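Have a look at the structure below, then the notes.
The values are calculated or read from the model by the stated rules, or taken from the named source; none is laboratory data. Just so it is clear, the structure is predicted and the values come from calculations on it, not from any experiment. Cβ placement follows ideal geometry from the backbone for every residue including glycine, while neighbour counts extend to all protein chains displayed. The accessibility values were calculated without ligands, DNA or RNA, using every heavy atom of the protein model including side chains. Shrake-Rupley method; radii C 1.70, N 1.55, O 1.52, S 1.80 Å.
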Amino acid sequence: MAEYRLDCFGEACPVPLLKAQKKLADLKVGDLLIVEVDHSCAIKNVPEWARKEGHNVEIEEIGDGEWEIYIQKTK
Amino acid sequence: METKTTVTQGVPVRAGKKRRNQLPAAIVVLLGIIIVAVILGGKSPGLAISWVIGIGFGVVLQKSRFCFAAAFRDPFLTGSTSLAKAVIIAVAIASLGFGAVQYAAVSGGGNPPGFISPVGLHTAIGAILFGIGMVIAGGCASGTLMRVGEGFTMQWLVLVFFVIGTLWGTHDYAFWKAVFFDRAPQVHLPSALGWPLSFILQFLVLGALYILADKWGNRQRN
């Protein structure tokens with residue numbers, strides 16, 4: 001199980017989502033993708049997309065207005 | 001709300017950075033809002049009401065993460081239509097409210113209040129330009145303002161050009177008005193079709209769009 005970080009600080013919606021989609025496609029099942037974002041829109045649409053795809057998702061606010069989205073690829 | 005899924009064990013969830021307590025700042029800002037409201041109220045009650053409603057809009061927009069840009073973009077980009085459906089519901093509720101206000105005014109023998117804008121090809125061209133702009137800028141007008149307040153610095157830059165664009169548009173407004181708006185028809189559906197028919201038509205179209213959005217959202221799930 002590998003862990004990947006995706007730095008999306010300063011990126012506006014929908015760039016974090018597009019990057020996460022692209023990156024997740026390269027990952028193996030069971031790998032963990034950590035998306036770092038500071039655009040509040042991304043903590044809504046990235047998890048929504050990932051959950052819809054059936055992946056495990058968690059969000060952590062690591063600082064004021066900075067979030068990490070944990071996506072574990074399940075399929 | 002969606003059910004929260006847990007990431008399997010062994011995932012190193014990093015402990016959060018020490019966050020500043022924002023409560024003192026919130027109290028100061030709230031007091032400031034109240035003081036400004038009182039000052040504005042002294043000049044004109046309408047100003048104070050606009051001030052409070054404006055701030056209320058901002059709070060709802062920020063807390064709900066409501067985003068007009070995403071509502072129109074996500075159905076194509078990700079297949080998510082939850083925000084598109086929210087916008088359709090908002091338009092439906094607004095239609096009821098505007099309808100009631102206009103009906104009251106027109107029944108009293110007056111002209112329908114509000115902006116009855118001329119519709120034509122320029123509407124479609126403007127919508128496409130605005131759509132491209134808002135996807136690149138990462139938000140529509142209200143979303144940009146909300147994120148400026150949130151402290152997202154990239155959108156401060158957007159605000160600068162937003163202001164420049166608005167001023168430029170206002171500067172040339174007379175030209176656009178003469179060339180396009182004055183030649184296009186102004187359609188007020190209730191005046192043209194009658195109130196019952198336009199009411200039914202409005203909600204049939206909104207209902208159809210909602211069902212379409214719902215189907216589109218579910219279709220992508222497979």
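Against the conditions (1) under 24 Å from A:A50 (Cα atoms); (2) at pLDDT below 90, B:F115 satisfies every one except (1). Residues in the range A:1-52 that are open to solvent by 70 Å² or more (accessible area, probe 1.4 Å) and not in a helix (DSSP H, G or I) were compared, and the one that is nearest to B:F68 (Cα to Cα) is A:F9. Apart from one condition, B:G131 fits all of (1) under 30 Å from A:L18 (Cβ atoms); (2) without any contact (Cβ under 8 Å) to a residue 12 or more places away in the chain; the exception is (2). Against the list (1) of a type in the set (G, A, S); (2) in contact (Cβ under 8 Å) with a residue 40 or more places away in the chain; (3) within 22 Å of B:F203 (Cβ to Cβ), the condition B:A90 fails is (2).
When the criteria are applied in full, A:V57 fails the requirement of being part of a helix (DSSP H, G or I) and either in contact with a Pro (Cβ under 9 Å, 6 or more places away or on another chain) or of a type outside the set (F, W, Y) (or both). Annotation note: Cβ proximity below 6 Å between a residue of the range B:192-207 that is touching a residue at least 60 places away in the same chain (Cβ under 8 Å) and a residue that is among the β-branched types (V, I, T) (sequence gap 6+ or interchain) occurs for B:L206/B:I88. Evaluating B:I116 against the criteria (1) surrounded by fewer than 14 Cβ atoms within 10 Å (Cβ to Cβ); (2) not in a helix (DSSP H, G or I) leaves one unmet condition, (1). Selection of the range A:26-52 for residues being more than 9 Å from chain B (Cβ to nearest Cβ) and either β-branched (V, I, T) or over 12 Å from the mean Cα position of the chain (by Cα) (or both) yields A:D26, A:L27, A:K28, A:V29, A:D31, A:V35, A:V37, A:V46. Candidates B:G109, B:G99, B:G120: the one that is more than 21 Å from the chain's Cα centre (by Cα) and within 16 Å of B:G194 (Cα to Cα) is B:G109. Answer yes or no as to whether B:F76 is under 23 Å from A:A12 (Cα atoms) and under 13 Å from the mean Cα position of the chain (by Cα). For B:F76, the condition - under 23 Å from A:A12 (Cα atoms) and under 13 Å from the mean Cα position of the chain (by Cα) - is not met. Which one of these does B:W156 not meet: (1) open to solvent by less than 90 Å² (accessible area, probe 1.4 Å); (2) more than 19 Å from B:F66 (Cβ to Cβ)? The single condition B:W156 does not satisfy is (1).
Find the residue count for the range B:166-183, including only residues that are under 30 Å from A:G10 (Cα atoms) and either within 14 Å of another protein chain (Cβ to nearest Cβ) or open to solvent by 90 Å² or more (accessible area, probe 1.4 Å) (or both).
2
The single residue among B:V163, B:V205, B:V187, B:V135 that is touching a Lys or Arg at 6+ places or on another chain (Cβ under 6 Å) and either charged (D, E, K, R) or open to solvent by 50 Å² or more (accessible area, probe 1.4 Å) (or both) turns out to be B:V135.
Quick one: how many residues across the range A:38-75 are β-branched (V, I, T) and at pLDDT 90 or above?
Residues flagged as β-branched (V, I, T) and at pLDDT 90 or above within the range A:38-75 amount to 4.
May I ask you to verify whether B:T144 is among the polar types (S, T, N, Q) and open to solvent by 50 Å² or more (accessible area, probe 1.4 Å)? Criteria not met by B:T144.
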